[in-house]
Amino acid sequence: MIPFDFEYFRPTTLNDAFALFQKLSNAGKTPMYFSGGTEIITLGRINELYTDAVIDMKGISEYQALEQDDHYFYFGAGKTLAEIGEANVFPLLTKTVKDIADHTARTKITLGGNICANIFYREAVLPFLVTDSYAFIVGKDGTRTERINDIFKETLQLQQGEFLLQVCTEKKYFDMPHIHIKRRKQWFTGYPLITIVAVKESNNIKIAISGLTPYPFRSKEMEASLNDKNLTVSERINAALDKLQKNVLTDTEGSAQYRLFVMKNLLYDVLDHLEGEGGIH
């Protein structure tokens with residue numbers, strides 16, 4: 001049971017949603033956008049999250065979109081991970097979201113909810129980072145488009161009242177060689193230790209990582225070392241890890257030293273797979 005009461009609103013347009021957030025904020029409320037609601041329920045129960053006004057986004061058609069044009073596919077932030085997995089239009093994204101939580105949870109967790117969550121895993125963003133996707137953000141000046149690599153810095157950098165509407169990916173990436181690997185401390189159960197995704201584009205490998213640090217990230221400095229063919233595979237991986245200027249996590253899932261050990265072996269797997277004959281995993 002959530003230990004606080006809140007007002008409930010369900011706008012039907014983007015402008016109404018943003019205007020409602022501003023109106024509630026100006027009235028001294030603590031509004032929160034709502035789609036799947038898993039985080040409100042989970043964190044609200046343990047007093048780590050509070051809101052007195054919920055803005056339900058599920059009535060906004062653009063927020064629920066799964067559509068395409070000649071070159072791009074558009075993923076609505078309100079689509080659940082289960083719906084995205086079942087659509088199976090972007091294989092790397094499909095593999096990533098199908099490995100988040102369990103099926104029951106995935107029917108509630110939305111794409112936007114995972115990307116903008118307070119938990120540090122937020123694995124759904126990884127395929128979008130390596131494919132240089134775009135984020136559509138709704139704010140005071142309407143909808144703007146940003147490269148997700150420019151706006152996702154530890155978290156999605158949003159101003160007060162802004163929200164993620166859609167993520168847009170070029171369809172050329174859907175058929176590129178790729179790999180998704182998730183390692184857990186307890187094999188097939190429990191929280192992830194490290195998740196890594198990678199694509200190979202024009203003979204260059206791009207990687208994004210979750211679980212190694214308190215936030216998902218993509219490092220172009222690490223990629224430069226991994227793609228330096230003048231070095232041996234071992235030298236490339238060691239050079240990439242030397243570029244890792246992040247706070248490596250230590251928690252109940254694993255120490256920083258253990259995480260780095262796992263990360264090193266994952267990079268061997270990535271290079272072996274994408275520079276071998278397979279290309280898709």
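The values are calculated or read from the model by the stated rules, or taken from the named source; none is laboratory data. Because the structure is a prediction, the values reported are computed rather than measured. Glycine also receives a Cβ, built like all others from the backbone with ideal geometry; neighbour counts cover every protein chain displayed. The accessibility values were calculated without ligands, DNA or RNA, using every heavy atom of the protein model including side chains. Shrake-Rupley method; radii C 1.70, N 1.55, O 1.52, S 1.80 Å.
Scanning the range 152-172 for residues that are open to solvent by 10 Å² or more (accessible area, probe 1.4 Å) and closer than 21 Å to LYS220 by Cβ returns PHE152, LYS153, GLU154, THR155, LEU156, GLN157, GLU170, LYS172. Which one is farthest from PRO192 (Cα to Cα) among residues in the range 231-246 that are touching a residue at least 12 places away in the same chain (Cβ under 8 Å) and touching a Phe, Trp or Tyr at 6+ places or on another chain (Cβ under 9 Å)? Checking each candidate, the answer is VAL233.
On the given criteria, is PHE163 within 30 Å of LEU20 (Cβ to Cβ) and touching a helix residue (DSSP H, G or I) at 6+ places or on another chain (Cβ under 9 Å)? Taking the combined requirement at face value, the residue satisfies it.
Just for the range 194-209: of the residues that are in a strand (DSSP E or B) and polar (S, T, N, Q), which one is surrounded by the fewest Cβ atoms within 10 Å (Cβ to Cβ)? The extreme case among them is ASN204.
Hey, does the range 123-140 have a residue that's buried (at least 20 other Cβ atoms within 10 Å of the Cβ) and modelled with pLDDT under 95? No. Across the range 48-56, a minimum of one residue is classified as modelled with pLDDT under 95, assigned to a strand (DSSP E or B) and in contact with a Lys or Arg (Cβ under 7 Å, 6 or more places away or on another chain).
State whether one or more residues within the range 150-167 are charged (D, E, K, R) and at positive phi. Checked the range 150-167: at least one residue is charged (D, E, K, R) and at positive phi.
Among the residues that make up the range 182-194, is at least one of them closer than 23 Å to ALA117 by Cβ, among the hydroxyl-bearing types (Ser, Thr, Tyr) and modelled with pLDDT of 95 or more? No, there is no match, as no residue in the range 182-194 is closer than 23 Å to ALA117 by Cβ, among the hydroxyl-bearing types (Ser, Thr, Tyr) and modelled with pLDDT of 95 or more.
Please tell me if TYR191 is closer than 24 Å to ASN265 by Cα, open to solvent by 10 Å² or more (accessible area, probe 1.4 Å) and in the same structural domain as TYR72 (by the TED database). No: the conditions fail for TYR191. Comparison of THR169, THR213 shows that the only residue that is assigned by the TED database to the domain that holds LEU66 and not hydrophobic (A, V, I, L, M, F, W, C) is THR169.
If you filter the range 103-116 down to residues that are assigned to a loop (DSSP other than H, G, I, E, B) and touching a helix residue (DSSP H, G or I) at 6+ places or on another chain (Cβ under 6 Å), you find that the one that is surrounded by the fewest Cβ atoms within 10 Å (Cβ to Cβ) is THR107.
No other residue among ASP269, ASP242 is acidic (Asp, Glu) and touching a strand residue (DSSP E or B) at 6+ places or on another chain (Cβ under 7 Å) apart from ASP269.
Would you call LYS98 among the basic types (Lys, Arg), modelled with pLDDT under 95 and surrounded by fewer than 20 Cβ atoms within 10 Å (Cβ to Cβ)? In short, no. Just one residue in the set ALA77, ALA82, ALA65 is out of contact with any helix residue (DSSP H, G or I) (no Cβ under 9 Å at 6 or more places or on another chain), at pLDDT 90 or above, open to solvent by less than 20 Å² (accessible area, probe 1.4 Å) and within 30 Å of VAL199 (Cβ to Cβ); that residue is ALA65.
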